[in-house]
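Here is the structure we will look at, set down as structure tokens.
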Amino acid sequence: MCDQFKGKDTVVLDVAKITPLFDYFIITTASNMRQSNAIAEEIRVLMKRDSTHRRNIEGKDSEWILGDYGDIVLHIFTEETRELYDLERLWADATKVDWQSHNADKADSV
């Protein structure tokens, strides 16, 4: 989803076996804070359309926006902030989900 709104280097981590709090992290990079907010809002609209409502959002005026969708946590970073916090390294035990193949499969079936 994030790539549709110009999110870069999007990664989906399956963290279900590591923490009981949530199942997936979606991590993406925006080129600036304005784009981060636009991505967060568009994802909220798409998720709501699928009957998944955002429980909370943090950092709307910062370089790291966190959207809590229950089992899914969306992280939108500016490039510098993503490098600083390096969640992929912090959650290195998580399995990376091949979301691009999943999206291609969905497109082929339509």
Karplus-derived 3J(HN,Hα) from phi for region 20-29 (6.51 cos²θ - 1.76 cosθ + 1.60, θ = phi - 60°), whole Hz, x at Gly and Pro, runs x, 7, 7, 9, 9, 10, 10, 10, 9, 10
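Within 10 Å, count the other beta carbons around each residue, average over each peptide in 18-28, 67-77, and list them highest first. If you can, show how the numbers build up before the last one.
Details: 18-28: 16.5, 67-77: 20.1.
Sorting 18-28, 67-77 by mean packing, highest first, produces 67-77, 18-28.
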Once the other residues with Cβ under 9 Å from the Cβ of ILE57 are scored (Lys, Arg +1; Asp, Glu -1), what is the net sum? +2
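Just to confirm a number: summing +1 for Lys and Arg and -1 for Asp and Glu over residues other than ASP23 whose beta-carbon lies under 15 angstrom from that of ASP23, what do you get?
On the way: positive: LYS17, ARG55, LYS96; negative: ASP14, ASP68, ASP71, ASP93.
So the surrounding residues net to -1.
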What range in the chain is the longest one free of trypsin sites (Lys or Arg not before Pro) that are in a loop by DSSP and have at most 14 other Cβ atoms within 10 angstrom? 61-110
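I'd like the FRET efficiency for LEU46 and LEU90, computed as 1/(1 + (r/R0)^6) with the beta carbon distance as r and R0 of 22 Å, rounded to 0.05.
Numbers: r = 27 Å, r/R0 = 1.21.
Plugging the Cβ-Cβ distance into 1/(1 + (r/R0)^6) gives 0.25.
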Could you pull out every residue, at least 5 positions away or on a different chain, whose amide H is within less than 5 Å of the one on TYR69? Hs are placed 1.01 Å off N in the peptide plane, and Pro or chain starts have none. ARG55, LEU74
Apply the Karplus curve 6.51 cos²θ - 1.76 cosθ + 1.60, θ = phi - 60°, to the phi angles in region 37-45 and return the couplings in whole Hz, x for Gly and Pro. 5, 5, 4, 4, 5, 5, 5, 4, 5
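None of the figures in this text is laboratory data; all of them are computed from the coordinates on show. It should be emphasised that the depicted structure is a prediction, and the values quoted were computed from it without experimental measurement. Note that we place each Cβ from the backbone using ideal geometry, even for glycine, and neighbour counts take in every protein chain shown.
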